[in-house]
Amino acid sequence: MKEKSTLKILAIIAFIIAAIFFVYMAYIAKAWSYLSKDPKACINCHVMNTQYATWQHSSHARDVTCVECHLPTDNFFDKYKAKAVDGWNHTLAFTFNTYEPAMRISDDGAKRVQKNCISCHESITSTLTSNADKYHNFKDDYVANGRKCWDCHKEVPHGKVRGLTTTPHNLGVKEVK
Amino acid sequence: NEREQERIDLTTSPVVKQEVKHKSSEWARYYPRQYSSWKKTKESSEIIDMLEEKPQLAVLWAGYGFAKDYNAPRGHYYALQDNVNTLRTGAPTDAKTGPMPTACWTCKSPDVPRIQERDGELEYFTGKWAKYGHEIVNTIGCASCHDNNTAELQVRVPHLDRALVAAGLPTFEDSTHQEKRNLVCAQCHVEYYFKKEKWTDKDGVEKVAKVVTLPWANGLTVEGAEKYYNDVGHTDFKNKISGTPILKAQHPGYELYKTGIHGQKGVSCADCHMPYTQEGSVKYSDHQLQNPLNTMDRSCMPCHRQDEKTLEAIVHRKYERKDQLHELAMDNLAKAHLETAKAMEVGATDEELKPVRDDIRSGQWYWDYAVASHPSFFHAPEETLRILAVANEKAQNARIKLVGVLAKHGVMNYAAPDFSTKEKAQALAGVPYEKLVAEKEAFKATLEKEWYKIAEKNGDLDKENRKDVDLESSYFNNRK
Amino acid sequence: NEREQERIDLTTSPVVKQEVKHKSSEWARYYPRQYSSWKKTKESSEIIDMLEEKPQLAVLWAGYGFAKDYNAPRGHYYALQDNVNTLRTGAPTDAKTGPMPTACWTCKSPDVPRIQERDGELEYFTGKWAKYGHEIVNTIGCASCHDNNTAELQVRVPHLDRALVAAGLPTFEDSTHQEKRNLVCAQCHVEYYFKKEKWTDKDGVEKVAKVVTLPWANGLTVEGAEKYYNDVGHTDFKNKISGTPILKAQHPGYELYKTGIHGQKGVSCADCHMPYTQEGSVKYSDHQLQNPLNTMDRSCMPCHRQDEKTLEAIVHRKYERKDQLHELAMDNLAKAHLETAKAMEVGATDEELKPVRDDIRSGQWYWDYAVASHPSFFHAPEETLRILAVANEKAQNARIKLVGVLAKHGVMNYAAPDFSTKEKAQALAGVPYEKLVAEKEAFKATLEKEWYKIAEKNGDLDKENRKDVDLESSYFNNRK
Ligand SMILES: [Ca+2]
Ligand SMILES: [Ca+2]
C-alpha cells in the first residue's frame, strides 16, 4: 500500500515537471497543431512533409485526414490522451533531433491506425477479422494476429518510397500554408 | 435487420452439422462462396505430359514409376482421379494388387483423415492402395484443410506435426495464423518418403506400414534432407540403366518457398493462391486455387502497384533462367547414366563405379529437389538456381570420372545414345508403354467402376463433384 | 533574410566560376555539403587483396597484369592513386615506358575530359600511360559527373554515348533524369576493351590509338558481349599456362544491375549509393559513395520498412549463394588450365586442344563477367547465379574433354598441382613478384614524385585531396 502511494506522489511530481516542459516545447514546436484536424497542421513540422505529400496523392486524400487514421476515433478521452502523448513524443523527437530519416510507426500508433482502417471499411474486412478472431493470439492481439492491413495494401496511403529525404516532390509541400 | 443477419451469418463460422463431412458439397449451404470458388479448380484441366516436354526424365527415372507417366499438376478437382489414372499406380485387380501402397492416397482426399481416425494411422498405412479404392473417392476438399465442426484451419494428418517437431519448429497448433495459412498446404506440397514401420495389430498379426514421412530432422534444406536420407540409408529405387541407387524428390514446394523472398517476408501461400475477393460488400478467400498469374489484379497488385505485363515479364525471365540450368543438369545426368551403362557393359566393376554413382545419386537429388515443385523458379528463384548449378557440377564430376573409367576399359569418345523424344527415352528405360496402357484401361473398365458403385451405395460418394473428372490423361486423348 | 537566401542558393545552381574545374576543392565554396561528403570517400581505405582471397585468380590470369596485383575497390578518393600503385601498371621510367596505355587513366580522374578536350580524343588515347603522369593527378571528382559550368549531371567522356548508340539506347542527353543518375556511373562501372584505331595526326604522323570501347552492339548481356568480341576477333591475352586466348571482363556493374529487380523497377545507383541526406532543413545527395549497407537507414529503409538486421541477413544469404558457385567455377577453370598444360606437355596438339580452349575461353568469360563487378550478387542475384552456372558447365565440359585427350596421350588420373595460396598460384603463373615490387618502389621514389612536382607547379594539383592517399597498397604495408 505504502509503495503505491509513493508511486502516486512521484507520478504527480513527474507529471508537473512534464507539464512545464511540455508547454515549453509545445511552444517551440507548434505542438498545438495537434489540436487541429487539418492535415496542414501536421506539416508545421517539415518532417511530416513526406507523409503529407504521399497522403495528398493517395486515394484517401479526398475524404480522410491524418487524424482520422492516426488518432483514436472511438471516444473523446482516448483521442485527446493520444494527442497529448503523441504531441509530447514528436515534440521531444523534433526538438532533440532523435528521429531517423526513415521514420517508422510505433506499435501503439499502428494499433490505432488498424482500428481506424477496420472501422471505416467495416463490412469489407469482416471476413478477415473473423478469420483472425479464430486464431486469437493474446500476445499480439491488436492487429489481427500481427497482420496489418498495409501488409497487403502496402502503398495505402503513404506510397512505396517514404523517407524524410527520399520521397519525390515533398520539398515544396511547406509552401502549402 | 436482414442485412445485418446476412453479415453475421457470413462472418461467424456456423458449426457444420452434416454427417458426411468428407463430401464437400455438404459444406456448400454454409459456405456458398468458398464452395463455388473451390469447385472452379475444375477449370484447370489441361494435362501437360512432362515426359513429352522433357524426355530426359525417363532416363533419369528408369526402373521407377515416374518413367511411365508424369504430368504437371492441375486443379485440386482432379487430384484423386489423377492418382487413379496415372500409369504409376498400375492396374490392380483386387484389394491386394497394384504396385503402390495406401500412402499414395494421403494427399488426394479428405477421406484419408476419416479413415485414419477410424482404422488407426498404422492400419491405414498398411497394404496396397487398392485396399481403399471403394472408400477414398472424394478429391481434396473442405475437410482437407478445415476442422469438421468449426471450419477453422486444421491439419488433418499427423505426418506434418511430426515433421515440424523433428525440425524443431512450432506445431500447427502453436503456429501463428499467418503460418497456418501455409501449413495447410504443407500437408501435401512437401518432399516425403515412405518410412517402413513394423507394428502388430490388435489380433497380434505382424504388419509393415509405409508411413508418409518428411525428412526434416536436419532442417528444411536440400542438404539437410540428403543427409537425413543417407543417415537412415534410404533409397527410392535403383536406376535400371546405370545401377545407381537414387533418391526421388517430390514437390518440396513449402520448403523452397521458405527460402524465397516472399517466404522470408511472411507472405503466405493463401495470400497469392487464395486472394481475397470482393463480392458486394463481402470479402472472402478465393478457393479456386490456381496459378496466381491468372489473378494478378488480386494476387499481386495490392502489394505491387505496377502494370501486370511488366510484372509478368519479370516472372517469365525467372522461368527462362531456371529452364536453362534445368536442361543443362538434366542432360548431363542423363548422359552420366548412359555412360555408366556403357562402362558396365565393357566391364567396369561396382567398385570402380562407386564414386561415379555417388556423384550421380547426389546430383540427381539436387536437380530433382529444385524442379519437382514446378513453380520453385518463382517461389525461390535464387535457391533454385543455386541447387541446379550444384546438381550440374555433380553430374559433370561423374562424367569426368566416366571418361577415365571408359578409357581404362579401352573405350574412347563414347557418345551416349539419343534420348530426345519420350519414345526413345522410354525405350532406353525399358518401359513397356503399350502394355501398361492396356492393363490400365482394363482396370478402369472393371475394378475402378466397382469402387464408385460401392462408395455410392455407402453414401460416401460426392457425385456432383465427379462430373467430367475423368476426361483427360496423358494416354487417353479420345474420350471427351 | 539569411535562411531564405540559403534556400535560394541551395535550389538554384550557381555557375561555377573558377578556372581549374578539375580540382574538386575549387567547387567546395559553391557546394560545401556535396564536397565534404565526397571527401569522406577517403574513409573507405582498406585494401582487400583479391589474389590472397581467391588464389585461383592468378592461374586464370597467368600472363596478364591481373595475376600480379588485384584488389577489391575502395573509395573514389583512392582511384587515381590505386591506378598508379597497382603492379599492373608497372614501373615506367619516362613518358614512353610502362606496359599500360593512356586509356587506363580514363576512369580515374576529371583531368581526363580536360585533356581529351584539349588534345583531342585520339591523341589522348595514344601512347603509354606515363605520358600523362604529370597532368592526370586528381582523383574522380565533381568534374567527372557534373557540367563544369552549370553543375548539371554530365557525361564527360564520349565512349558512353557511342556505346549507347550502338546498343540502340537513348544517349545521355536523351535519357530520363532517373537514368542519368545511373549513366554518370556507367561512364566507369562497365565492361570495356581497348579498340585499336589507326589515325593520322595534324603533322601527318600515323598513330595507333587504344580507345576505351564498350561491347554493347549486341545488347548489354554476357552473351551479347561475347558475340561482339568473337565477331571482331578480340582477345585480351593468351593464358600462359594453357595457351588459351582469353577475354577479360571488367566490372560490368551497370549491365548486370539492369537485369536485377532494382534495375528493372527503376531504382538508380544514386538512390542507394548517394541517398538524400538532411542537414537542418536542407536536403542533398550524400556524395560519400560507399557500401549502402553502411547507410541502410537512408539507403534501404525508405523503401523497405523492416528491421535492418533481417534485411542484411537476406543480403548476406545472397552472397553465400554466389560465393558457392563462384568457387566451383573458378576451381574448375583453374584445373582446366593446368590440365591443358599437362596435355601440352605430353604432346597434345593445338588442333586437339582447340575444343578444350574454346570451352575454357567461353567459360572464363562467363565467370569473370559474373564476378568482376563484386556486388553483382546483390545488384543482380539471379543473373549472377545463372551466369556462374553456365561458366561452370563450360569449365567442366573442357575438363571432360581433357580426360580424353590426356588418356589418348597415355596419362591417366592426372591431378592438377596445388594452387591454394597466392604464392603457389603466382609461381604457377610465373609472376616475378619481388622483382615487380622492387621496380615499382623505384618508380615511386623517382618518376612519380616528379609528376606531382610538375603538376603542382602548373597549378593542376589539388594538394588538399592527396592527403594520406598513398598509405596503403597490397604490397607496402609498412608505410603508415
Ligand atoms: Ca522423396
Ligand atoms: Ca574487357
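The values are calculated or read from the model by the stated rules, or taken from the named source; none is laboratory data. The structure presented is a predicted model; accordingly, all values stated were derived computationally and were not measured. Cβ placement follows ideal geometry from the backbone for every residue including glycine, while neighbour counts extend to all protein chains displayed.
For (1) buried (at least 18 other Cβ atoms within 10 Å of the Cβ); (2) closer than 24 Å to C:Glu393 by Cα; (3) within 11 Å of another protein chain (Cβ to nearest Cβ), each residue gets a yes or a no:
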| site | (1), (2), (3) |
| --- | --- |
| C:Asn294 | no, no, no |
| C:Arg298 | yes, no, yes |
| C:Pro302 | yes, no, yes |
| C:His316 | no, no, no |
| C:Gln324 | no, yes, yes |
| C:His337 | yes, yes, no |
| C:Thr340 | yes, yes, no |
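With respect to the conditions (1) of a type outside the set (Ser, Thr, Tyr); (2) within 21 Å of B:Lys202 (Cβ to Cβ); (3) at pLDDT 95 or above, B:Pro110 falls short on a single one, namely (2). In the stretch B:249-277, the residues that are of a type in the set (A, V, I, L, M, F, W, C) reach residues that are within 16 Å of ligand 1 (Cβ to nearest atom) with C-beta atoms within less than 7 angstrom, at least six apart or across chains, in these pairs: B:Ala249/B:Glu191; B:Ala249/B:Trp365; B:Ala249/B:Asp368; B:Ala249/B:Tyr369; B:Ala249/B:Ala372; B:Leu256/B:Ser373; B:Leu256/B:Ser376.
Residue count for the stretch B:221-256 under the criterion of being away from ligand 1 (no atom under 14 Å from the Cβ), among the charged types (D, E, K, R) and either within 21 Å of the chain's Cα centre (by Cα) or under 30 Å from B:Gln426 (Cα atoms) (or both): the result is 3. Take C:Tyr254 and tell me if it is surrounded by fewer than 23 Cβ atoms within 10 Å (Cβ to Cβ), aromatic (Phe, Trp, Tyr), part of a helix (DSSP H, G or I) and within 16 Å of ligand 2 (Cβ to nearest atom). It is false that C:Tyr254 is surrounded by fewer than 23 Cβ atoms within 10 Å (Cβ to Cβ), aromatic (Phe, Trp, Tyr), part of a helix (DSSP H, G or I) and within 16 Å of ligand 2 (Cβ to nearest atom). Go through C:Glu135, C:Glu191 for me and flag whichever is buried (at least 18 other Cβ atoms within 10 Å of the Cβ), at pLDDT 95 or above and closer than 30 Å to C:Leu256 by Cα. Only one candidate passes the filter, namely C:Glu191. So for the stretch C:60-75 (the condition being at pLDDT 95 or above and farther than 29 Å from C:Asp368 by Cα), does at least one residue qualify? No, every residue in the stretch C:60-75 fails to be at pLDDT 95 or above and farther than 29 Å from C:Asp368 by Cα. When the stretch B:422-445 is filtered for residues that are in contact (Cβ under 8 Å) with a residue 60 or more places away in the chain and part of a loop (DSSP other than H, G, I, E, B), the ones remaining, listed by number, are B:Gly430, B:Val431. Applying the criterion of being hydroxyl-bearing (Ser, Thr, Tyr) and within 24 Å of A:Ser123 (Cβ to Cβ) to the residues of the stretch B:257-281, the residue that is surrounded by the fewest Cβ atoms within 10 Å (Cβ to Cβ) is B:Ser281.
Answer yes or no as to whether B:Val15 is at pLDDT below 95, part of a loop (DSSP other than H, G, I, E, B) and within 14 Å of chain A (Cβ to nearest Cβ). The answer is yes for B:Val15. Of the set (1) within 16 Å of ligand 1 (Cβ to nearest atom); (2) part of a strand (DSSP E or B), all apply to B:Glu197 but (1). Without any contact (Cβ under 8 Å) to a residue 24 or more places away in the chain, polar (S, T, N, Q), within 14 Å of ligand 1 (Cβ to nearest atom) and more than 17 Å from B:Thr106 (Cα to Cα): does that describe B:Asn218? So B:Asn218 does not fit the description; no. The set of residues from the stretch B:223-244 being farther than 24 Å from B:Thr384 by Cα and among the aliphatic types (A, V, I, L, M) comprises B:Val232, B:Ile241.
Across the stretch C:214-228, the number of residues qualifying as surrounded by fewer than 18 Cβ atoms within 10 Å (Cβ to Cβ) and either within 14 Å of ligand 2 (Cβ to nearest atom) or part of a helix (DSSP H, G or I) (or both) comes to 3. Within the stretch C:44-56, does at least one residue satisfy the condition of being within 20 Å of the chain's Cα centre (by Cα), assigned to a helix (DSSP H, G or I), of a type in the set (Val, Ile, Thr) and more than 30 Å from C:Ala341 (Cα to Cα)? No, the conditions are met nowhere in the stretch C:44-56.
Filter the stretch B:77-107 down to residues that are farther than 24 Å from B:Pro158 by Cβ and not in a loop (DSSP other than H, G, I, E, B), then give me how many there are. Within the stretch B:77-107, residues that are farther than 24 Å from B:Pro158 by Cβ and not in a loop (DSSP other than H, G, I, E, B) number 8.
Residues in the stretch B:211-224 that are over 15 Å from B:Arg162 (Cα atoms) and not hydrophobic (A, V, I, L, M, F, W, C): B:Thr221, B:Glu223, B:Gly224.
Looking only at the stretch B:298-335, which residues are of a type in the set (Asp, Glu), closer than 28 Å to B:Ser45 by Cβ and at pLDDT 95 or above?
If the condition is that a residue be of a type in the set (Asp, Glu), closer than 28 Å to B:Ser45 by Cβ and at pLDDT 95 or above, then B:Glu312, B:Glu320, B:Asp323, B:Glu327 are the ones that fit.
B:Glu117 satisfies every condition listed in (1) free of Cβ contacts under 8 Å to residues at least 24 places away in the same chain; (2) within 14 Å of chain A (Cβ to nearest Cβ) except (2).
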